[in-house]
1. Can you tell me the order of 12-24, 76-88, 43-55 when each peptide is scored by its average per-residue count of other Cβ atoms within 10 angstrom, highest first?
2. Rounded to whole Å, give me the distance from the Cα center of the range 69-102 to that of the range 1-64.
3. Would you work out which of LEU93, THR115, PRO78 lies farthest towards the positive end of the dipole of the range 78-123? Charges go on Cβ: Lys and Arg +1, Asp and Glu -1.
4. Find the Cα radius of gyration of the range 78-123, compare it with 2.2 N^0.38 Å by division, and give the number to two decimals.
5. Counting each DSSP H run of 4 or more residues in the chain as -39500 (n - 2.57), what helix-only mean residue ellipticity at 222 nm follows after dividing by all residues, to the nearest 500 deg cm²/dmol?
6. Which three extents, in angstrom, do the Cα atoms of the range 1-89 have along their principal axes, listed largest first?
7. May I ask for the net charge around MET1, where only other residues with Cβ less than 14 Å from the Cβ of MET1 are counted and Lys, Arg are +1 while Asp, Glu are -1?
Amino acid sequence: MRIGELAKATGASTRALRHYKAAGLITSERAPNGYRVFDPSTAVRVRNIRHLLEVGLTLEDVQVFLPCLDGDITSAPPSEKNLRVALERLAVLDERIAAQTRVRDRLAAAIVERTGGRVRTVA
């Protein structure tokens, strides 16, 4: 399966597939004509990678899931290690949201203060 075919089968861009390959998440061989050739089973792995990225994990986080990327990760119970990685990512996201909320609240307060209350922000 060539890279364009894999992209079409999985909904991933060829650029993303090259990125996954560079990160060591997928592998390919080179055909005599120089094209990348992927095993058709790589489609399952790519779909799982995309699922993990869509739920908020990073490519670095996905590395931990390598042993189970070829199976059905959406219905299998997570391992302790995988659950720990997901919980750590959730904590990072929660802190980022809290930090952005604090910045937003300071900006909203400054707008109200600078306009003498004429302009109110929506919380």
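Quick note: the coordinates plus some simple rules give every number you see, no bench work behind them. Values in this document were obtained by computation on a predicted structure and should not be read as measured data. Positions of Cβ are backbone-derived with ideal geometry, glycine not excepted, and every protein chain shown enters the neighbour counts.
1. 43-55, 12-24, 76-88
2. 21 Å
3. Looking along the dipole axis, the top candidate is THR115.
4. Details: Rg = 17.5 Å, N = 46, 2.2 N^0.38 = 9.4 Å.
Its radius of gyration relative to the 2.2 N^0.38 Å reference: 1.86.
5. Details: 5 runs with 71 residues, N = 123.
Calculated at 222 nm, the ellipticity per residue is -18500 deg cm²/dmol.
6. For the range 1-89, the Cα spread along each principal axis is 44, 21, 19 Å.
7. +4
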